[in-house]
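Visitor: Take a look at this one; I'll ask things after.
The values are calculated or read from the model by the stated rules, or taken from the named source; none is laboratory data. Given the structure is predicted, the values throughout are model-derived calculations rather than measurements. Every residue, glycine as well, gets a Cβ built from its backbone with ideal geometry; the counts of neighbours run over all protein chains shown. Side chains are part of the model used for accessible areas, which takes the heavy atoms of the whole protein and leaves out ligands, DNA and RNA. Shrake-Rupley method; radii C 1.70, N 1.55, O 1.52, S 1.80 Å.
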Amino acid sequence: MNVKVSELCLSYGSQTVLKDVTFELNRNQIYGLLGRNGAGKTSLLSILASFREATSGSLTINGEVPFENSAIMQQVALFYNKDYKDESDNVMAVLKDMHRYRPHFDMDYAEYLVGRFKLDPKKQVKQFSKGMQAALNVILGLACRAPLTIFDEVYLGMDAPSREIFYKELLKDQEEHPRMIILSTHLVSEMDYLFDEVIILKKGEVLLHEDSHSVLSRGAAITGNAAVVDEFIQSMNLIHVQQLGDTKSVMVYGELHDDERRAAREKGLDLAPVSLQELFIHLTEETHL
Amino acid sequence: MKMPTQFPKVVKDMFFVQMSWALWFLGFLLIVNVVKMARAFFQDGTTDHYFAAVFIPANLFMVVIGIISVFFLPHYVSLGVTRKVYFKGTLIAAIGISAVIPILTIGIYVLQQWIVHSFTTFSFKVTDLNSILLEIDSHVVAELVQSIILSPYVDPGSNGGLAVIVFGLNMLIYY
């Protein structure tokens with residue numbers, strides 16, 4: 001499965017939502033798509049799933065344009081925070097419907113997940129609570145085994161234990177049946193260990209696209225005496241500053257070589273890694289005037 | 001263009017869903033017709049037979065389900081069905097519905113005629129919607145509207161096959 005996005009632009013009337021987005025995904029791994037509210041994540045994912053068309057630029061999946069392409073559209077599945085308030089079918093009927101149209105759907109796995117999330121299979125979906133409806137969406141997403149599966153904040157409303165079940169099942173299924181998965185989320189601190197690669201969108205543009213390991217190795221929090229810290233970070237990319245009296249803590253983003261780390265420690269500075277959530281918050285921060 | 005494997009599934013699904021609505025609709029109309037018959041019987045009047053009674057409501061039914069069927073599109077797109085396949089499939093299903101409803105209606109009509117003529121001396125009003133048109137003098141707008149609403153009607157007594165075909169075509173256009 002290969003997804004190639006090239007200079008994709010999307011505008012809703014006069015409002016530009018995606019600007020020259022370019023990236024390529026070509027491994028069967030879990031991609032995390034992060035961005036602030038309104039950054040363009042859902043719009044981008046809708047274009048990938050052929051729910052809408054871009055205003056300019058190109059998208060090819062496995063070398064073909066996916067829009068109205070029956071072979072490709074069957075391989076791509078988008079699951080989002082869907083409100084089932086009018087869905088009078090019961091859980092089994094919904095599963096059967098998806099089984100009918102999605103070529104890789106695994107009914108046994110779906111039934112196992114229904115039991116795992118403790119949903120009543122005979123109950124009408126509109127009678128479920130919001131969290132249980134989200135669980136149903138998660139089940140559909142996991143069981144459909146589409147070669148490109150996209151989860152756009154599908155867990156909204158689910159309680160923490162259910163979310164943990166989702167992450168566990170996701171990792172387990174990915175190991176046994178690897179596919180390309182894109183997870184769009186705001187719960188970065190909770191889900192950061194799931195991502196193999198991270199894409200961060202800021203105001204409709206791609207800010208960052210790296211594998212998780214590289215991203216995390218580039219962030220560092222340096223704490224110590226204010227003057228010493230200031231001298232040390234002279235040429236570095238500063239993304240956050242905190243000061244309490246004489247002690248200053250800064251967050252930098254950039255390569256820190258071993259000799260630089262040694263130098264920092266010799267000067268009495270404290271070096272700590274930065275979590276993905278911290279990096280995300282400060283890299284996407286708006287500068288206040 | 002080669003139609004992918006989901007096409008027959010869409011046709012079948014749309015057909016069965018709309019057919020189930022149609023059966024409810026026809027059943028309800030049958031009850032109404034029977035009640036009207038009973039009332040006319042006890043009051044010595046006449047009423048339309050089933051075929052005539054279904055004719056115009058069926059047009060309305062097709063308009064309504066045609067509008068409703070638009071709302072099925074996002075469901076199918078999220079299942080990976082292309083919009084082209086969905087529209088083509090729904091069209092075939094609509095043709096199917098327009099064919100099946102007149103046939104069912106004729107069947108019930110025949111049954112109704114047989115039952116009524118075997119057991120009673122009840123006579124149905126011979127409806128001729130075409131004659132109503134002649135009564136209206138030449139107001140262009142009125143005639144235009146009439147020609148859309150009052151569809152060509154062929155009494156099944158005179159020519160059963162033609163009645164079915166005209167009914168079916170008429171319904172399809174409304175959809």
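Each row is one residue, and each column tells you yes or no for (1) modelled with pLDDT of 85 or more; (2) in contact with a strand residue (DSSP E or B) (Cβ under 9 Å, 6 or more places away or on another chain); (3) over 21 Å from A:Asn69 (Cβ atoms).
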position: B:Lys9; (1), (2), (3): yes, no, no
position: B:Val32; (1), (2), (3): yes, no, yes
position: B:Asp48; (1), (2), (3): no, no, yes
position: B:Ile68; (1), (2), (3): yes, no, yes
position: B:Val81; (1), (2), (3): yes, no, no
position: B:Val85; (1), (2), (3): yes, no, no
position: B:Ile95; (1), (2), (3): yes, no, yes
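Visitor: Next up: Within segment A:241-248, can one find any residue that is surrounded by 17 or more Cβ atoms within 10 Å (Cβ to Cβ) and without any contact (Cβ under 8 Å) to a residue 40 or more places away in the chain?
Guide: Yes.
Visitor: From the list A:Leu156, A:Leu142, A:Leu148, which one is closer than 28 Å to A:Val21 by Cβ, out of contact with any helix residue (DSSP H, G or I) (no Cβ under 7 Å at 6 or more places or on another chain) and of a type outside the set (Val, Ile, Thr)?
Guide: None of the others qualify; the one that does is A:Leu148.
Visitor: Also: Just need a number here: residues in segment A:60-69 that are within 12 Å of chain B (Cβ to nearest Cβ) and open to solvent by less than 20 Å² (accessible area, probe 1.4 Å).
Guide: 1
Per-residue answers, yes or no, for (1) within 30 Å of A:Ser46 (Cα to Cα); (2) of a type outside the set (Phe, Trp, Tyr); (3) crowded, with 19+ Cβ neighbours inside 10 Å:
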| position | (1), (2), (3) |
| --- | --- |
| B:Gln6 | yes, yes, yes |
| B:Trp21 | no, no, no |
| B:Asp48 | no, yes, no |
| B:Met62 | no, yes, yes |
| B:Ile67 | yes, yes, no |
| B:Val70 | yes, yes, no |
| B:Pro74 | yes, yes, no |
| B:Ser98 | no, yes, yes |
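Visitor: Here's a follow-up. From the list A:Ser189, A:Ser184, A:Ser235, pick out the single residue that is open to solvent by 70 Å² or more (accessible area, probe 1.4 Å) and assigned by TED's automatic domain parsing to the domain that holds A:Gln29.
Guide: Being open to solvent by 70 Å² or more (accessible area, probe 1.4 Å) and assigned by TED's automatic domain parsing to the domain that holds A:Gln29 holds for just one of A:Ser189, A:Ser184, A:Ser235, which is A:Ser189.
Visitor: Report yes if A:Thr16 is β-branched (Val, Ile, Thr) and part of a strand (DSSP E or B), otherwise no.
Guide: yes
Visitor: Considering each of B:Met14, B:Met62 in turn, give the residue that is touching a residue at least 40 places away in the same chain (Cβ under 8 Å), more than 14 Å from chain A (Cβ to nearest Cβ) and part of a helix (DSSP H, G or I).
Guide: None of the others qualify; the one that does is B:Met62.
Visitor: Mind checking which pairs have a first residue in segment B:37-49 that is part of a helix (DSSP H, G or I) and a second that is open to solvent by 30 Å² or more (accessible area, probe 1.4 Å), Cβ under 6 Å, 6 or more apart or different chains?
Guide: Close Cβ pairs satisfying both conditions: B:Ala40/B:Thr46.
Visitor: Ok, one more. For residues that are buried (at least 16 other Cβ atoms within 10 Å of the Cβ) and within 14 Å of another protein chain (Cβ to nearest Cβ), scanning just segment B:83-96, find the one that is farthest from B:Phe167 (Cα to Cα).
Guide: Selected residue: B:Val85.
Conditions tested, residue by residue: (1) aliphatic (A, V, I, L, M); (2) open to solvent by 60 Å² or more (accessible area, probe 1.4 Å).
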residue	(1), (2)
A:Val3	yes, no
A:Gln29	no, no
A:Gly35	no, no
A:Arg52	no, yes
A:Gly57	no, no
A:Phe105	no, no
A:Asp108	no, yes
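Visitor: Taking the options A:Asp173, A:Asp192, A:Asp159, name whichever one is under 22 Å from A:Asn2 (Cα atoms) and out of contact with any His (no Cβ under 6 Å at 6 or more places or on another chain).
Guide: Residue meeting the stated conditions: A:Asp173.
Visitor: Please specify each residue of segment A:77-111 satisfying the condition of being part of a strand (DSSP E or B) and more than 10 Å from every other protein chain (Cβ to nearest Cβ).
Guide: Across segment A:77-111, the qualifying residue is only A:Asn90.
Every residue, every condition in (1) within 12 Å of chain A (Cβ to nearest Cβ); (2) farther than 30 Å from B:Gln6 by Cα; (3) more than 20 Å from the chain's Cα centre (by Cα), yes or no:
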| site | (1), (2), (3) |
| --- | --- |
| B:Val54 | no, yes, no |
| B:Val81 | yes, no, yes |
| B:Gln112 | no, yes, no |
| B:Ile115 | no, yes, yes |
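Visitor: Open to solvent by 50 Å² or more (accessible area, probe 1.4 Å) and either assigned by TED's automatic domain parsing to the domain that holds A:Arg36 or in contact (Cβ under 8 Å) with a residue 12 or more places away in the chain (or both): is that true of A:Asp258 in this structure?
Guide: No.
Visitor: Determine whether B:Ile106 is surrounded by 19 or more Cβ atoms within 10 Å (Cβ to Cβ), assigned to a helix (DSSP H, G or I) and either within 14 Å of chain A (Cβ to nearest Cβ) or hydrophobic (A, V, I, L, M, F, W, C) (or both).
Guide: Answer is yes for this residue.
Visitor: Could you check, for segment A:132-151, whether at least one of its residues is in a loop (DSSP other than H, G, I, E, B), farther than 22 Å from A:Ser46 by Cβ and open to solvent by 30 Å² or more (accessible area, probe 1.4 Å)?
Guide: no
Visitor: Report whether or not A:Val206 is surrounded by 18 or more Cβ atoms within 10 Å (Cβ to Cβ) and in a loop (DSSP other than H, G, I, E, B).
Guide: no
Visitor: Within segment A:156-171, is there a residue that is assigned by TED's automatic domain parsing to the domain that holds A:Thr16, touching an Asp or Glu at 6+ places or on another chain (Cβ under 9 Å) and open to solvent by less than 50 Å² (accessible area, probe 1.4 Å)?
Guide: yes
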